[in-house]
There are 2 protein chains.
Amino acid sequence: MSDLLERLRGRGWRMTAQRRVVAEVLDGEHVHLTADEVHSRAVAKLPEISRATVYNTLGELVSLGEVLEVSTDQRAKRYDPNAHQPHHHLVCARCGAIRDVHPVGNPLADLPDSERFGFTVSDVEVTYRGVCPNCAAA
Amino acid sequence: MSDLLERLRGRGWRMTAQRRVVAEVLDGEHVHLTADEVHSRAVAKLPEISRATVYNTLGELVSLGEVLEVSTDQRAKRYDPNAHQPHHHLVCARCGAIRDVHPVGNPLADLPDSERFGFTVSDVEVTYRGVCPNCAAA
DNA sequence: CACTTACTTTGGACAATGTCTAATTCGAGC
DNA sequence: GCTCGAATTAGACATTGTCCAAAGTAAGTG
């Protein structure tokens, strides 16, 4: 994720300890934390960071296109650092585990003109739901 | 929607003025109201209906499979009475307008085994995003 | 028709998530 | 080092949803 910090600095992002910590928390594969989870983990590294800053920073990262906002449950938004490779999500209906997945084909092409109601359609978001191996075993 | 009332009564649903009003509000095509919108419209017909009852009733309708819960924005849940015909949603990114759409093919089949991570996948939810004709004109 | 009982409704307190603001602090260029 | 605009902070506030105990009511029974 140091590439991220480099990219952001290059874009004129003022670097602060708080922003660095938030970026560090959002590193990894299949990471889909809520704002609150990001805040908890950030506090572990930098105890005086405030909730507002975490929200601000997450919002900025989303605007910059470095992080995606996904809503796989209808509770809190989750933040996905894997923004540079298009993907969809597979969610466990029991425990809420989330995996990034890559379906074949382009779902956008599956919506016929007759079903577009004159909209200019630019994006599609797919959420698969099922039961993960852990929950199936239990 | 009187069929709905019949079906519910047949399933042992106790009929009350409040439940009737909520069911009436949820009648029509391309209806995707939030709980709060349902409440406002219900109050117009039955001023003393409470917020808790609207939430309760919506929850019951969802459990009974008569209404779907959809989350096209990450604010409030919306309730879709078109539960008996499988469909997906097309959302205007500017004004939030929602249409029911029917893509060709089965998106479930587009997720290869290698991308299922051992999950038992049972359902898929697709949200198309774009700009509606009204907003494009403005 | 009146009774009874279990199911529903109600209002308000509470919880979770997110937004906003004014005052303070701080990064980084000169 | 300064300076200044940008970032951070604490906490109030807003929105959406849940929970509970008390009161009300639908509908079967006799």
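Condition check for B:Val67 on (1) open to solvent by less than 10 Å² (accessible area, probe 1.4 Å); (2) within 9 Å of DNA strand D (Cβ to nearest atom): one failure, at (2).
Number of residues in the stretch A:40-57 that are buried (at least 19 other Cβ atoms within 10 Å of the Cβ) and farther than 16 Å from A:Gly28 by Cβ equals 3.
Table: residues versus (1) more than 9 Å from chain B (Cβ to nearest Cβ); (2) open to solvent by less than 80 Å² (accessible area, probe 1.4 Å).
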site	(1), (2)
A:Gly59	yes, yes
A:Ser71	no, yes
A:Tyr79	yes, yes
A:Gln85	yes, no
A:His102	no, yes
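Given the structure, is A:Tyr55 in contact (Cβ under 8 Å) with a residue 40 or more places away in the chain and within 14 Å of chain B (Cβ to nearest Cβ)? Here the answer is no, as A:Tyr55 does not meet what is asked. Comparison of A:Val21, A:Val67, A:Val101 shows that the only residue that is within 15 Å of DNA strand C (Cβ to nearest atom) and in contact with a Lys or Arg (Cβ under 9 Å, 6 or more places away or on another chain) is A:Val21. Set side by side, the residues A:Leu8, A:Leu111, A:Leu4 differ, and just one is more than 15 Å from DNA strand C (Cβ to nearest atom), open to solvent by less than 30 Å² (accessible area, probe 1.4 Å) and of a type outside the set (Lys, Arg), which is A:Leu111. Applying the condition of being in contact (Cβ under 8 Å) with a residue 12 or more places away in the chain and more than 15 Å from B:Gly65 (Cα to Cα) to the stretch B:7-26 and asking which residue is nearest to DNA strand D (Cβ to nearest atom) yields B:Ala17. Can you name every residue in the stretch A:11-37 that is crowded, with 19+ Cβ neighbours inside 10 Å and among the acidic types (Asp, Glu)? Correct list: empty. Looking across the stretch B:83-122, the residues that are in a strand (DSSP E or B) and either among the β-branched types (Val, Ile, Thr) or more than 30 Å from A:Ala138 (Cβ to Cβ) (or both) come down to B:His88, B:His89, B:Leu90, B:Val91, B:Cys92, B:Ile98, B:Arg99, B:Asp100, B:Val101, B:Thr120, B:Val121.
Yes/no per residue for (1) modelled with pLDDT of 95 or more; (2) more than 11 Å from the chain's Cα centre (by Cα); (3) of a type outside the set (Phe, Trp, Tyr); (4) under 17 Å from A:Arg129 (Cβ atoms):
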residue	(1), (2), (3), (4)
B:Leu8	no, yes, yes, no
B:Val21	yes, yes, yes, no
B:Asp36	yes, yes, yes, no
B:Arg41	yes, yes, yes, no
B:Ala52	yes, yes, yes, no
B:Leu58	yes, no, yes, no
B:Asp73	no, yes, yes, no
B:Pro107	no, yes, yes, yes
B:Glu125	no, yes, yes, yes
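Among the numbered conditions (1) within 14 Å of another protein chain (Cβ to nearest Cβ); (2) surrounded by 14 or more Cβ atoms within 10 Å (Cβ to Cβ), the only one that A:Ser122 does not meet is (2).
Pick out the one residue from B:Ala35, B:Ala52, B:Ala76, B:Ala93 that is assigned by TED's automatic domain parsing to the domain that holds B:Thr127, among the small types (Gly, Ala, Ser) and closer than 25 Å to A:Lys77 by Cα. It would help to see each step written out before you state the result.
Numbers: B:Ala35 fails: assigned by TED's automatic domain parsing to the domain that holds B:Thr127; B:Ala52 fails: assigned by TED's automatic domain parsing to the domain that holds B:Thr127; B:Ala76 fails: assigned by TED's automatic domain parsing to the domain that holds B:Thr127.
On inspection, the qualifying residue turns out to be B:Ala93.
Scoring B:Ile98 on the criteria (1) within 22 Å of the chain's Cα centre (by Cα); (2) at the interface with chain A (Cβ under 7 Å from one of its Cβ atoms); (3) buried (at least 19 other Cβ atoms within 10 Å of the Cβ); (4) among the hydrophobic types (A, V, I, L, M, F, W, C) leaves a single failure, condition (2).
The values are calculated or read from the model by the stated rules, or taken from the named source; none is laboratory data. Because the structure is a prediction, the values reported are computed rather than measured. Reconstructed Cβ throughout: ideal geometry from the backbone, glycine too, with neighbour counts over all protein chains shown. With ligands, DNA and RNA removed, areas are computed over all heavy atoms of the protein, side chains included. Shrake-Rupley method; radii C 1.70, N 1.55, O 1.52, S 1.80 Å.
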